Amino acid sequence: MKDWRFWFAEQRGTFMAIAIFLMMFVIYISNHPAGFNANIVQTASNKGVLLAFVAMAQALVVITSGIDLSIGMIFTLTNCLASWLVTGSPLQVAIGVVVVLFVGALCGAINGAVVIYGRLQPIVATIATGAIYYGIALALRPTPGGTVDEILADALTGKLFGFIPASLVALLVVVLVVWIPFSRSVTGRAAYAVGSSEQAAFMSGVPIKRAKFITYTLAGLLAGIGGLFLTFFTYTGEAAYASGNAYTLFSIASVVLGGVSLMGGRGSAIGAIFGALAFRTIGDLLFVFDFDPLWQPLFQGVVLLLAVSLSAFGLLRIRNRLEWFG
Amino acid sequence: MNAILDSQIFRLLRRFDPAVTTAFGCILLLLVVGGTYSSNFLSPEYLLQQLKVASFLGIIATGMMMIILLGQIDLSVPWVVTVGAMMSCAVVGHGTVGAILAIPFGILCGVAIGLVNGFGVAYLRIPSMIITLATNAVAQGLMVVYTGGFSPQDSASPAMRYLATGFVIPGLPNSVVCWAIVGALAVFLLTRTTFGRAIYGIGNRERAAYLSGINTRRIVMTAFGISGGLAALGGVLLAGYASKAAQSMGDAYLLPAIAAVVLGGTSILGGRGSYLGTVAGVMLITLLQSILSVMQMPEFGRQIIYGVVIIAMLLLYGREKLQR
């Protein structure tokens, strides 16, 4: 088999995600009363990019066959922190941004340390750390409020040259600066190896712990970038429990839609990004078809349920029943 | 002589699960701390009140324990609890028949959601964490559509209120009696039936259980059904306690239920754990919550302490083996 066919087989999930997104987006745009214009693309990308950052974060952890159920709470915490710090003189704003991103990465690193060095199950451990992060967020913002530097916020949520959404460019920059170098590094390959088979990776002398730790930390950083952008969109910080939980849930949904295997070792953050954009578009489809917004949670739930059930088609390929049990 | 006595004590000690012993030790510690903080804390009325509060969590944690013993997890608890509460209250509005059917109907709704979870996990082989998150979202969506996004106006039936707050045995609230019955059934199921032994077997190694002739898929699906039913029963009791259902009333029960089971020494990987441990875990969590509220700790502090305590306890005895 030629190289490109290997590459294509590896990226199949990602291409599926891109195809689903394009299909949904075309349906969305062709039924939108205002049609295709720069403002609609800007609004859609601003909403989609938030989830895309969180989904990228989740994808990184899922690739190592872990899970981070605190991701939505890191997102909420950094949002609350940014509403305090990212304001004032340009220097203060810059320091604020750095601190917010650092705190995001720190939260991720704590998750990583607890899971790897504490040897705890990621599900329970990250639910517990999520409670801690939410508590801190609530301490920072008992009631919604705060402010953010409007020049920076408008620059990052507006349009470049009148038609390119700045938030999409920011997403692209993050992909180029974080994901591409990571996936091509030794650590990135190690993360995939750990996800495929931790035992085999261990036996081959792959740096398991370092790979996992860096993955969790990067996930925290990406969730922090997401939280920062949320502040840019809303101009406030809010410790909303339901919204934090929803982002955790949606991040998992996006990862699944994006073709990242929940067993680990397969998929890419690019796929997760398109999964996130597709998930957002599906949610918005209801509006262009004039449904009652009350139906949106149910619709999103059903889409999620169908998306995860699709993976069951893999069962048809199984020849030996014992493979059911993994 | 001394040596013989020593070895006997040692053997007696070895019969106790270290996790369960630690959990009971922590309960004693919390009681002492609470007692020094306020003398009311150790009064029988207050402790009975705590037991009553614990019974809701205890019933929900019983279902969660069965799932965790299978090596799975049930994250649909929050909205299954709410569905149980809302659906039973909704049926109450339909006259006498409704009032009679309220409790069974609420529980049946929970069983239905649980069976969907079980079908997904056992037959479609979807990871339990994912499918239960999805059914949780669907249940939430259904309830949002049903209530229109507000708290429903239906109220609980007298039978539900009696079940949650009445007294069949003088001095002992009915909800505690419910928990005792559910607990006794769970112990019987887990230790005295093939179903229970199969749960432990599947939790240890599903492949081995399958090869020894156990219909693992049916067992897993049934266990999820039971778990859903118990979560909904918890919701019915909560609705009876508060005399109505509310949005997001179940949110406060997911983390405590998992924490109670895991703190009680049940391995999160499945296959190991005793019901006594879960009882200890439930009491531990309830006392911790109670002490934090007696100290008038604000919500953020509670969340932080809660998370820290769970992580700390897990680090004490919930760790996986070192890989070699």
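What follows draws every value from the coordinates through simple rules; no lab data is involved. Since the structure is predicted, the reported quantities are computational estimates derived from the model, not experimental observations. Cβ: placed from backbone, ideal geometry, glycine included. Neighbour counts: every protein chain shown.
The orientation-averaged projection of the convex hull spanning the C-alpha atoms of the range B:186-324 amounts to 10.9 square nanometres. Between residue B:191 and residue B:145, the simple label model (points 7 Å from Cα in the Cβ direction) yields a spacing of 4.5 nm. Membrane-span-like helices of chain B, defined as complete DSSP H segments with a Cα extent of 24 Å or more along the helix axis and a mean Kyte hydropathy of at least -1.0, are identified as B:18-37, B:44-69, B:95-122, B:128-147, B:174-192, B:216-242, B:275-294, B:299-317. Per the Cα gyration tensor, the range B:57-272 maps to an equivalent ellipsoid with semi-axes of 29, 20, 14 Å, ordered largest to smallest.
Dividing the helix sum by the residues of chain A, where each DSSP H run of 4 or more adds -39500 (n - 2.57), gives a mean residue ellipticity at 222 nm of -23500 deg cm²/dmol. Other residues whose C-beta falls under 12 angstrom from the C-beta of residue A:122 contribute a net charge of 0, scoring Lys and Arg +1 and Asp and Glu -1. Here the convex hull built on the C-alpha positions of the range A:11-305 has a volume of 127 cubic angstrom per residue. As an equivalent ellipsoid, the range B:163-207 spans semi-axes of 33, 9, 6 angstrom, where each value is the square root of five times an eigenvalue of the C-alpha gyration tensor, largest first. Below 15 Å, Cα to Cα, which aspartates and glutamates can residue B:244 reach? Residues fewer than 8 away in the same chain don't count. Correct list for residue B:244: B:154.
For chain A, the longest piece that avoids every one of the trypsin sites (Lys or Arg not before Pro) found in DSSP loops with at most 16 other C-beta atoms within 10 Å covers A:120-318. Highest mobility in the GNM of chain B, judged by mean-square fluctuation with C-alpha springs under 10 Å and restricted to B:37, B:306, B:275, is found for B:37. For residue A:159, the aspartates and glutamates whose Cα falls under 20 Å of its own Cα, not counting residues fewer than eight places away in the same chain, are A:149, A:150. Around the amide H of residue A:86, modelled in the peptide plane, lies no amide H under 5 Å away from a residue 5 or more places distant or on another chain.
A Förster radius of 25 Å combined with the Cβ-Cβ distance from residue A:8 to residue A:176 puts the calculated FRET efficiency at roughly 0.65. Of A:7, B:179, A:295, A:84, the sequence from fewest to most neighbouring Cβ atoms within 10 angstrom is A:7, A:295, A:84, B:179. Would you list, by chain and number, the lysines whose Cα falls below 19 Å from the Cα of residue A:209, excluding same-chain residues fewer than 8 positions away? Those lysines meeting the cut-off are B:321. Whole-Hz Karplus values for the range A:217-223 come out as 5, 4, 4, x, 4, 5, 4 Hz, taken residue by residue from phi with 6.51 cos²θ - 1.76 cosθ + 1.60 and θ = phi - 60°; glycine and proline positions read x.
Amide H contacts of residue A:159: A:166, each under 5 Å away and 5 or more positions distant or on a separate chain (H built 1.01 Å from N in the peptide plane; Pro and chain starts excluded). A simple spin-label model places the labels of residue A:319 and residue A:94 6.2 nm from each other, with each point 7 Å out along Cα-to-Cβ.
Calculate the translational D of the protein assembly as shown in whole µm² s⁻¹ from Stokes-Einstein, where the hydrodynamic radius comes from the Kirkwood formula applied to all Cα pairs, the temperature is 25 °C and the viscosity 0.890 mPa s.
95 µm²/s
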